[in-house]
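First the structure, in the form of structure tokens, and then the observations on it.
The values are calculated or read from the model by the stated rules, or taken from the named source; none is laboratory data. Computed from a predicted model, the values in this text were never measured in an experiment. Here the Cβ positions follow ideal geometry from the backbone for every residue, glycine too, while neighbour counts run over all protein chains shown. Just the protein is used for accessible areas: all its heavy atoms, side chains included, with ligands, DNA and RNA removed. Shrake-Rupley method; radii C 1.70, N 1.55, O 1.52, S 1.80 Å.
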Amino acid sequence: MKRKSPSITSKLLPAAAVLLLLALWQTASTAGLVPGFLLPSPVEVAKAFAEDFPLLMDNAWVTLLEAFIGLAAGILIGFVTAVLMDCFTWLYSAVYPLIVLTQTVPTVAIAPLLVLWFGYEMLPKVILIVIVTFFPITVSLLDGFRAADQDTISLLRSMGASRAQIFRYVKFPGALSSFFASLRISVSYAVVGAVISEWLGGFNGLGVYMTRVKKAFSFDKMFAVIFLISAISLLLMWGVNLLQRISMPWEEEHR
Amino acid sequence: MAELEVSGITFAYEETPVLEDVTLALHEHELVSILGASGCGKTTLFHIISGLHKPQQGKVSLNGKDITGCPGQVSYMMQKDLLLPYRTIEDNVSLPLLLKGEKKKEARKKVSPYFEEFGLEGTQKKYPRQLSGGMRQRAALLRTYMFSKDVALLDEPFSALDTLTKSEMHRWYLDVMDKIHLSTLFITHDIDEAILLSDRIYLLTGKPGRVTEEIVIEEPRPRKREFNLTEEFLEYKRRILERL
Ligand SMILES: Nc1ncnc2c1ncn2[C@@H]1O[C@H](COP(=O)(O)OP(=O)(O)OP(=O)(O)O)[C@@H](O)[C@H]1O
Ligand SMILES: [Mg+2]
């Protein structure tokens, strides 16, 4: 609650660093140190952004929708898998190595396959996002469930609690903080995953926009969309933080 | 009639025998303590009485009903307070009621009158980490009490507290006991505490642990504050020290 001065400086410092970097970049461009067609100046990027703003927003909307659906599906599947694996030890031993294996498959390599199998619509994008987000979500939930305090579980058992009640009152709330940590990673995975799969085939979305402006050598627009994508990721991470603070009020006091 | 009867309990973890032929009883409104050195099997005995462990031999019965190996019959407060860090004190205390299927609102309403009695006023909306050790212990006691108003098993409820808080808690506990008429089985390895609080004391000694002695503390209730400075008190203490 009480923000002390160190945390203010810790926020101001990176902001100052970013501003300084932008200023350097701008001077380098105006001084003609780097050719404009290779690296447009920040002002040019901002202009391109404003010019294409409606188009960018339309495409961003598509990408966001894919990311959201994929992420929601990833969370749902991850949750169910984690619960089942926590319930049945044999399932845990059987499936855990498999889940790790899915993570060694390079995303960029399977994305074209997904396009071949499922076409240019939303489905292959959503599937790709599920594949990349499913692992961190499952593993973090599972670790959270397994880290539940055995004595607390005994206490609830002594009160006659069922397995479902133990899950609800002990395991689930105990897994929330590791879940949110993985969700923070997963949102940016989801956005990047959506963009990558749009590169490989699609009709709209930020990835499609990117390939188009690249073909036209519009470097200013290229940079505009790159900045937009990272801004979206940042915004989403901030949203996750907010969600965490709302759903874990007991953490608030000692932050 | 005896409320809780424990007879002929023998228990071993895999190959290590921990308890042998333990028999004891807890009558209505009594406070009985089990006194024994660390590691002699006191907690294990409570795990058996509460139904968490099944004994290899012997029986636990409550008001004549066999409850051996059935959890959910008696209140059990464990060695640590085990308050759930993500629930407010009132929701922690309501937990036994929620587990029995009551609605959150009703459970809160039912627990709220006890907050004053247990010295927990104003802590309803706080989280466990915001409370002092003594208060957390009281909250855990209240939660235990909300589970069942018949028999409570308390595993060293005051051992984690400093001496001052501890004696304050003793006084408070005796007061509350007079009001709420709980029958309590109480683990401790603090001899003074056992004499001060109990109607009877069982000594649990040896490996595997056995009940080697039962001592009745004749001092009537309510006990005066200076009881632990009297000659009788020292006599009890001498007797127990001889036997341990
Ligand atoms: N889950 C377990 N598996 C195997 N051995 C155990 C287990 N729990 C306890 N023991 C052993 O059983 C013996 C009795 O343990 P218990 O916890 O009942 O002692 P205690 O009297 O409560 O001790 P303390 O006063 O330190 O709490 C100890 O020697 C301990 O090492
Ligand atoms: Mg113990």
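A few comments on the model shown:
- Rounded to 10°, Cα long-axis angle of helix A:89-104 versus longest principal axis of chain A: 10 degrees
- Carbon plus sulfur fraction of accessible area for segment A:44-158, probe 1.4 Å, in percent: 75 percent
- Counting only residues at least eight positions apart within a chain, or on another chain, the lysines with an alpha carbon under 22 Å from that of B:Lys109 are B:Lys100, B:Lys125, B:Lys126, B:Lys149, B:Lys179.
- Sparse-neighbourhood loop sites, chymotrypsin sites (Phe, Trp or Tyr not before Pro) in segment A:1-106 - DSSP loop, at most 12 other Cβ within 10 angstrom: A:Phe37, A:Phe88
- Coil-residue GluC sites (Glu not before Pro) of segment B:97-199, DSSP, other Cβ within 10 Å capped at 15: B:Glu102, B:Glu121
- Cα centroid separation, segment A:170-213 to segment A:224-255 (Å): 14 Å
- HN-Hα J in Hz across segment A:118-135 - Karplus 6.51, -1.76, 1.60, θ = phi - 60°, x for Gly and Pro: 10, x, 9, 7, 6, 3, x, 5, 4, 4, 4, 5, 4, 4, 7, 8, 4, 5
- Around the Cα centre of the protein assembly as shown, unit charges on the Cβ atoms of Lys, Arg, Asp and Glu (plus for the first two, minus for the last two) sum to a dipole of about 1560 debye.
- The overall shape of segment A:61-132 is oblate: from the C-alpha gyration tensor, with semi-axes ordered a ≥ b ≥ c, the ratio a/c is 1.5 or greater and a/b is no larger than b/c.
- Within 10 Å of the Cβ of each residue in B:83-89, the mean number of Cβ atoms contributed by other protein chains is 5.
- Contact-buried residues of segment A:146-171, at a threshold of 50 Å² lost accessible area versus the chain by itself: A:Asp151, A:Leu155, A:Arg157, A:Ser158, A:Met159, A:Tyr169 (1.4 Å probe; DNA, RNA and ligands ignored).
- Entry note, segment B:136-244: relative contact order of 22 percent, from Cα contacts under 8 Å with a spacing of 6+ residues.
- Structural descriptor for chain A: relative contact order 26 percent, calculated from alpha carbon pairs under 8 angstrom and at least 6 residues apart.
- Relative contact order of segment B:82-147: 49 percent, from C-alpha pairs under 8 Å at least 6 residues apart in sequence.
- Separation of segment B:1-78 from segment A:82-147 is 47 Å, based on Cα centroids.
- Taking only the C-alpha atoms of segment B:5-145, Rg followed by Dmax gives 17.2, 49 Å.
- Using the Karplus relation 6.51 cos²θ - 1.76 cosθ + 1.60 with θ = phi - 60°, the per-residue 3J(HN,Hα) values for segment B:158-174 come to 10, 5, 7, 8, 6, 4, 5, 4, 4, 5, 5, 5, 4, 4, 4, 5, 4 Hz, with x marking Gly and Pro.
- Solvent-accessible heavy-atom area per residue, rounded to whole Å², over segment B:82-147 at 1.4 Å: 42 Å²
- Against the compact-protein benchmark of 2.2 N^0.38 Å, the Cα-based radius of gyration of chain B scales to 1.01.
- Hydrodynamic estimate: the Kirkwood radius of segment A:26-97 over Cα pairs, inserted into Stokes-Einstein at 10 °C and 1.306 mPa s, corresponds to D of 95 µm²/s.
- Angle of helix A:206-215 to the longest C-alpha principal axis of chain A, folded into 0 to 90 degrees and rounded to 10: 30°.
- Using Cβ point charges alone (K and R +1, D and E -1), the dipole size of segment A:103-187 about the Cα centre works out to roughly 180 debye.
- Cα convex hull volume per residue for segment A:192-255 (Å³): 89 Å³
- Per residue, the accessible area of segment A:43-254 comes to 50 Å², computed with a 1.4 Å probe over protein heavy atoms only.
- Pairing chains B and A buries close to 2000 square angstrom of accessible surface in total, based on protein heavy atoms and a 1.4 angstrom probe.
- Whole-percent P(r), the protein assembly as shown, all Cα pairs, 20 Å bins from 0: 18, 37, 24, 15, 4, 0.
- Principal-axis tilt of helix A:5-30 within chain A, Cα atoms, nearest 10 degrees: 30 degrees
- Considering chain A at the alpha-carbon level, its Rg and Dmax are found to be 22.5, 76 Å.
- Inter-centroid distance (Cα atoms) of segment B:184-244 relative to segment A:16-47, Å: 83 Å
- Heavy-atom accessible surface of chain B: percent carbon and sulfur, 1.4 Å: 49 percent
- Result for chain A in a Gaussian network model with C-alpha springs under 10 Å: among A:Pro106, A:Pro136, A:Pro173, the largest mean-square fluctuation is at A:Pro106.
- Rg ratio for segment B:82-147: its Cα radius of gyration over 2.2 N^0.38 Å, N being its residue count, equals 0.97.
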